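The block underneath contains the structure these notes are about, expressed in structure tokens.
The values are calculated or read from the model by the stated rules, or taken from the named source; none is laboratory data. Everything numeric in this text was worked out from a predicted model, so none of it was measured. In this analysis, Cβ positions are derived from the backbone assuming ideal geometry, glycine residues included, and neighbour counts consider all displayed protein chains.
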Amino acid sequence: MVVKKAKLNHFKSKLFIKLFLSYLIIITLFLVAFSSLIIYDAVTMFQSKKNQEYHLKIEALANSMDLQILSAKNIIASINSSETIKQMYTSVVVEKKSMDPYLFYKGLGELSNMKKLSNSLDIFNIIVLFNRYNRAYTVSSAILLKEEYHDVLKQVPYYGINTASHVLEMTDMNEIIFNKESIVYGDNYRYSSNGAVNGTILVMYNKKSLENKLKKIVGNYNGMSIRYENNEVIRYGDAKGIPFVGFSGVDNKLIYELYIDKADFKIGLDYSVYIGIGFVVITSIIFIFSAYTMSKRYYSPIDNIVSIIKPTVLEGNEFDHIIQGIQTLIGERNGYREKMVTISPYAKQGMLHGILNGNMEQERLKILRDNNFLDLKKPYFELILANIDYQGENSVREIYFADIIDIIQSICATKSTEETQILCYLKDSKNLFLIVNSEEEEQLEETVYTLHKDIIKEVDDPDFMITFGVSKIQDNMNSLKAACQETIDALDNMLTGGRNAVYFYESSYTSDKKDYYFPKDATRRVAKGFKDRDIDDLRKFLDEIYRQNMDKYDATPRTIRLLVDELHIATLNALKTNNVFNTTQIQIDKIEHNVTLDEIFHYYSAIYEAICIQLEEFVTPNQDIEKLNQDIIDYLDQNFRSADISLAQIGALFGVSNKYISLMCKNCLGVTYLQYIQEKRIEYARGLLQTSDMSLEQIASMSGYSNMLTFRRNFKSIMGMNPSDYRK
């Protein structure tokens, strides 16, 4: 019990509880976000499937209804074109005769056959009425009307769920066929196609058929409606819920609407939901245990410190009490702090490394400064970025740069006094950060100049250049990171000022002018120089840019960078213009920091000269490269069947190197020279195999192969089978 109590003792700490709760909050937020995402994805997918399902169902319903309407249209068209029906109309309406029995039964037979031939079991009857006649004809009988029929349908075609008596406005008719509610499709009867309306035709469908179709095709639904010219003509059920619309393929004015209950789109609870809940619960338990383990692990060092310092104050901020105990423990009250905490030990242990390279956050730096854990001994400091460069003709090893760095560090240590302290930090093999810390602000600038002069004197080698970039004078440790950037900006002044000098940062750098000279036709001029291999003209081009900017523009380093970027882009575009970007095989790097403008222009001058030399090796002067490339390709197409064709032979013929031909094939044809020749030969051989009876040896020879084995191997590699199998 004592051990268990000791293990759970950390729960008495508010700091541990806060740490543990922070983990729990993060875990809870993660699980809520994860669960929300899963639920949203499941609901979205379910609703998408439901939407797709009902879109398919309304489409199927529309197709089924279209078949019924198409059957009705065919019946009406057949009646209008029936000679028997026309004879009946002529007899009883035009000639005012009594209906001939034979003609009567023949007409009823045709109506019955039309009903049967429609292949629709849902049609239960057809009614035909003639204007100015007092009888209606169905598939089985004639019905006597109380008076002659003189009306026409107000809407043609007519769609609706109604009785025939209501549609025909004959409410006094007692016959079942006239009073049975059904789905009615009606249209006019015309004796001739171009004549007036001579009667009415009604095709009657069982009302139950629509309900059966809905149950069979749709399943659960609230209602459906049919609209013609945006007017509702048929309604079945309630127009409540989510609507789905289908369009008729028979009549574009006809629209079907299906209404589905919203409850059908709500996802239900199935076994997968319970599995998901179980997974979340198990994951939560694992995460809570992990949170406890991690909290205990990271609280353990604090717990050990608490056990050492044993803070007696229980009220207030627990973390403040721990810090106060640590400060007391390390000797803040007994005078050791002055000796323990200075910039020097931290510079050696890596803290300065983090500050100068930007790896320490500004808030952390402020905490160190506010709590006096990071102090320069003197109130003012200035940061220097010292750049070392070799300008000699001979190559130099890295060890020589290490020797120069040792000299600089030695001089800094020698010149450090009680009033002025100089600290060194190695940035890389050719750059150092120096911090000059002094009591007097006025002495800092003079100290920088003296330090630079003494370093150059001690190095005593004119081939090694030492250049300083110096920040503004600072009196706040929070400005140390900004001072690092200031030294880099100041050192950039060597672009126009040269090396072996001291450059101080000026705040005007942030508002540089962007005016500089660069020819608008630079790409064209460089491309022409490459094409003509005119290195003198290219050097004049570079000299023109250099002189114009040096004489007429007071360009700042950032402006010069823009100029150099334009020169770099113009050079690359000129190579692409001449179609030799991949031909020269010269890497053109974009020059970054720590160079002078003279060095940049010398670099591009050397690049231009190297490109011209390589182009001279590849192609003779004044040749049009695109035309040359096309001539070589044409030669390959005409002579690929020659067994003697080779890179050397083509190069000698066109005055170019083997390497040029190889690169040209790769760039222009997308394959190597050998691949192109082999593909052309196999294509030719394939044609001979299909159209001739020559032997394989003859075909191989005519295709450019002197070796039968090589021919077989290449043919199988390209076609995937042997030549003999291909011929079969």
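Which condition breaks for Tyr89 when tested against (1) in contact with a Ser or Thr (Cβ under 8 Å, 6 or more places away or on another chain); (2) aromatic (Phe, Trp, Tyr); (3) not in a strand (DSSP E or B)?
(1)
From the list Leu67, Leu111, Leu103, Leu117, exactly one residue is in the same structural domain as Asn194 (by TED's automatic domain parsing), in contact with a strand residue (DSSP E or B) (Cβ under 6 Å, 6 or more places away or on another chain) and either more than 30 Å from Gly241 (Cβ to Cβ) or not aromatic (Phe, Trp, Tyr) (or both). Which is it?
On inspection, the qualifying residue turns out to be Leu111.
Is it fair to say Lys627 is under 44 Å from the mean Cα position of the chain (by Cα) and at pLDDT 90 or above?
No, not satisfied.
Going by what's in this entry, would Leu145 be described as assigned by TED's automatic domain parsing to the domain that holds Asn231, of a type in the set (A, V, I, L, M) and under 30 Å from Ile217 (Cβ atoms)? Give the steps one after another, and end with the answer.
Values: assigned by TED's automatic domain parsing to the domain that holds Asn231: yes; of a type in the set (A, V, I, L, M): yes; under 30 Å from Ile217 (Cβ atoms): no.
It is false that Leu145 is assigned by TED's automatic domain parsing to the domain that holds Asn231, of a type in the set (A, V, I, L, M) and under 30 Å from Ile217 (Cβ atoms).
Taking the stretch 241-267 on its own, how many of its residues are in contact with a helix residue (DSSP H, G or I) (Cβ under 9 Å, 6 or more places away or on another chain), farther than 24 Å from Leu67 by Cα and not aromatic (Phe, Trp, Tyr)?
Selection size over the stretch 241-267: 5.
Residues of the stretch 652-711 being in a helix (DSSP H, G or I), among the hydroxyl-bearing types (Ser, Thr, Tyr), at pLDDT 90 or above and within 42 Å of the chain's Cα centre (by Cα), which ones?
Tyr673, Tyr676
Among the numbered conditions (1) at pLDDT below 85; (2) under 29 Å from Leu567 (Cβ atoms); (3) crowded, with 17+ Cβ neighbours inside 10 Å; (4) in contact with a Phe, Trp or Tyr (Cβ under 9 Å, 6 or more places away or on another chain), tell me where Asn594 comes up short.
It is condition (4) that Asn594 fails.
Within the stretch 121-148, can you find the residues that are surrounded by fewer than 19 Cβ atoms within 10 Å (Cβ to Cβ) and either of a type in the set (Ser, Thr, Tyr) or part of a loop (DSSP other than H, G, I, E, B) (or both)?
Hits for the stretch 121-148 are Leu121, Arg132, Ser140, Ser141.
Report every pair of residues separated by at least 6 positions or lying on different chains whose Cβ atoms are under 9 Å apart, first residue within the stretch 64-81 and under 16 Å from Tyr137 (Cβ atoms), second among the acidic types (Asp, Glu).
Note: pairs meeting the criteria are Ile76/Asp187; Ser78/Glu110; Ile79/Glu110; Asn80/Asp187.
Can you list the strands (runs of 3 or more DSSP E) lying wholly within the stretch 174-290 that have 2 or more residues being modelled with pLDDT under 80 and touching a Ser or Thr at 6+ places or on another chain (Cβ under 8 Å)?
Values: elements: 182-189, 199-205, 223-228, 231-237, 242-247, 254-260.
Hits in the stretch 174-290: 231-237.
Kindly list the number of the only condition in (1) touching a helix residue (DSSP H, G or I) at 6+ places or on another chain (Cβ under 8 Å); (2) in a loop (DSSP other than H, G, I, E, B) that fails for Phe715.
Only one criterion in (1) touching a helix residue (DSSP H, G or I) at 6+ places or on another chain (Cβ under 8 Å); (2) in a loop (DSSP other than H, G, I, E, B) is unmet by Phe715, namely (2).
With respect to Ile613, is the statement that it is without any contact (Cβ under 8 Å) to a residue 24 or more places away in the chain, assigned by TED's automatic domain parsing to the domain that holds Arg533 and either surrounded by 15 or more Cβ atoms within 10 Å (Cβ to Cβ) or within 28 Å of Ala574 (Cβ to Cβ) (or both) true? Steps first, answer last, please.
On the way: without any contact (Cβ under 8 Å) to a residue 24 or more places away in the chain: yes; assigned by TED's automatic domain parsing to the domain that holds Arg533: yes; either surrounded by 15 or more Cβ atoms within 10 Å (Cβ to Cβ) or within 28 Å of Ala574 (Cβ to Cβ) (or both): yes.
Yes; evaluated as a whole, the condition is true for this residue.
Of the residues that sit in the stretch 526-557 and are buried (at least 18 other Cβ atoms within 10 Å of the Cβ) and among the charged types (D, E, K, R), which one is modelled with the lowest pLDDT?
So, considering only residues that are buried (at least 18 other Cβ atoms within 10 Å of the Cβ) and among the charged types (D, E, K, R), the one modelled with the lowest pLDDT is Lys531.
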